[in-house]
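One structure is given below, encoded as structure tokens.
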Amino acid sequence: MSKFYHLDDVPVPYRAVSASSIAMEHAVWDSLEPLPFDGDLGVGLIGCGWVAGLQLDAYRRAGIRVGALCDRHRERAERYRDLYYPQAKVFDDIDEFLAESDVAVVDIATHVDVRPSLVEKALRAGKHVLSQKPFVEDLDVGSRLAALANEVGRVLAVNQNGRWAPHFGAMLALVRSGLIGSVTSADFLVAWPQDLVVEAMPAFATMQDLILYDFGSHWFDVVGLLAPQGELSVWATTGRRAGQVIPAPTQANAVISGDDFMASLTFRAAERFEEVSRYRVVGTDGVVTHTGKHLGGDTVVVSTRSGQACIDISNNWFRHGMTGSMRSILNAITNGTQPSNSPESALRGLSLCFAATGSAETANVQRAGSRRTRSGTEAAVPDLAGESVAHGTPHDDWRSTRF
Ligand SMILES: NC(=O)c1ccc[n+]([C@@H]2O[C@H](COP(=O)([O-])OP(=O)(O)OC[C@H]3O[C@@H](n4cnc5c(N)ncnc54)[C@H](O)[C@@H]3O)[C@@H](O)[C@H]2O)c1
């Protein structure tokens, strides 16, 4: 018998709504209502590194059942077993891990250079798969993985956890509910000292696309969800600023436009005063706004002709982000539907992100989807089964509080 967990059983992303009318309050709560999920589906995780710790902590609090942990460094899997899931089985061999019958969903939290072949292997072993982001470094590899999941009849989803970070999650839910009508514009500003965070990590400190890709991919992902269907074009530029402590550019702007739609992203990643993150998402019938720190704040405000509502939110990006992403795939498996974090949806955001880095390099406007790989060169991964080559992907021993 399946056990269903409800909002009361998980740390809540949305704490209260104060609205100018009861009708408005109900409309907002109805938009935010989270879905229950099947807590009996067994999850196994590959890649017990830095981000996996955040995932397992969030899953444990939410009542998600993790029964197996795998890392090629066995002691890392043992450490997370001891910290989060004392009953979990530990593996350092992928084939033995995949043979574990209790694992219905494989959560893959390795770096992207080795991930596509692991995703393929898990799908072919009959598992459902949640892939960490960035999903792929080559859009065509991503499409082939999506097609493979359909072919073998398994659910593949991407851990685009930013979609469930409370300040983004509330806004996306309000938009999805139709409360603000059709989205016409979306403008985002983030100002914070990311250069200080990665100063001692050369792989990140020298990464040319640190801001538009390593950090900004979550913002492009959100814009990909807000933008109307159809062609999108992207213009972007990057630069340095006096006083920054890393070689990589820390300032970036991107403008995304489509039919009756325009979005802008402004990143200032070497700021020293007044850290801030803001957005203003405007629709034909209303607007959603937020001001907080770089990973979110305490309030989201929605205004429509019917009035205004303030949603009191948690500012814990990772806990709610990781839980939301996993709940989405568990729901899809239980209900036989596509997850909202489907590979296709993740590829839209990535295509915007790659177009932005291409635009910044060439000083030209780029059509989303025209640049197929992160580097702009031909496929980095020759085929799903082959050995992959990373585009400057940091080695797997990097530890940090980077994003
Ligand atoms: N906001 C986010 O969602 C977020 C935040 C940080 C990192 N990430 C992403 O998560 C991924 C992992 O980042 P990290 O910082 O946790 O990396 P990490 O280097 O700390 O951990 C990776 C782990 O995977 C293991 N591993 C690698 N190949 C393996 C294999 N074939 N079989 C078994 N284990 C294997 C390594 O031993 C290591 O323990 C990256 O793609 C990164 O971009 C996402």
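Key figures for this structure:
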read-out: Residue within segment 365-382 that is farther than 28 Å from Ala248 by Cβ and among the aliphatic types (A, V, I, L, M) present; value: no
read-out: Restricting segment 201-215 to residues that are within 15 Å of the ligand (Cβ to nearest atom) and hydrophobic (A, V, I, L, M, F, W, C), the residue that is farthest from Ala263 (Cα to Cα); value: Met201
read-out: Residue within segment 230-253 that is crowded, with 22+ Cβ neighbours inside 10 Å, assigned to a loop (DSSP other than H, G, I, E, B) and under 20 Å from the mean Cα position of the chain (by Cα) present; value: no
read-out: Hits in segment 52-80 - residues which are buried (at least 24 other Cβ atoms within 10 Å of the Cβ) and in contact (Cβ under 8 Å) with a residue 60 or more places away in the chain; value: Gln55, Ala58, Ile64
read-out: Matching residues, segment 260-275, being over 20 Å from the mean Cα position of the chain (by Cα) and not acidic (Asp, Glu); value: Phe261, Met262, Arg268, Ala270, Arg272, Phe273
read-out: Count of segment 30-51 residues which are buried (at least 24 other Cβ atoms within 10 Å of the Cβ) and either at pLDDT 95 or above or of a type in the set (A, V, I, L, M) (or both); value: 6
read-out: Selected residue [among the hydroxyl-bearing types (Ser, Thr, Tyr), touching a residue at least 60 places away in the same chain (Cβ under 8 Å) and under 22 Å from Gly181 (Cα atoms)] from Ser264, Ser277, Ser342, Ser328; value: Ser264
read-out: Residues located in segment 327-383, provided they are at pLDDT below 95, of a type outside the set (Val, Ile, Thr) and more than 30 Å from Leu41 (Cα to Cα); value: Arg374, Ser375, Gly376, Glu378, Ala379, Ala380, Pro382, Asp383
read-out: Qualifying residue in segment 92-112 (condition: in the same structural domain as Leu69 (by TED's automatic domain parsing), within 12 Å of the ligand (Cβ to nearest atom) and under 20 Å from Ser351 (Cα atoms)); value: yes
read-out: Wholly enclosed helices (runs of 4 or more DSSP H) of segment 136-222 bearing at least 1 residues under 19 Å from Val300 (Cα atoms); value: 166-176
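The values are calculated or read from the model by the stated rules, or taken from the named source; none is laboratory data. Quick caveat, the model's predicted, so the values are computed rather than measured. No Cβ is skipped: glycine too gets one built from the backbone with ideal geometry, and neighbour counts run over all protein chains shown.
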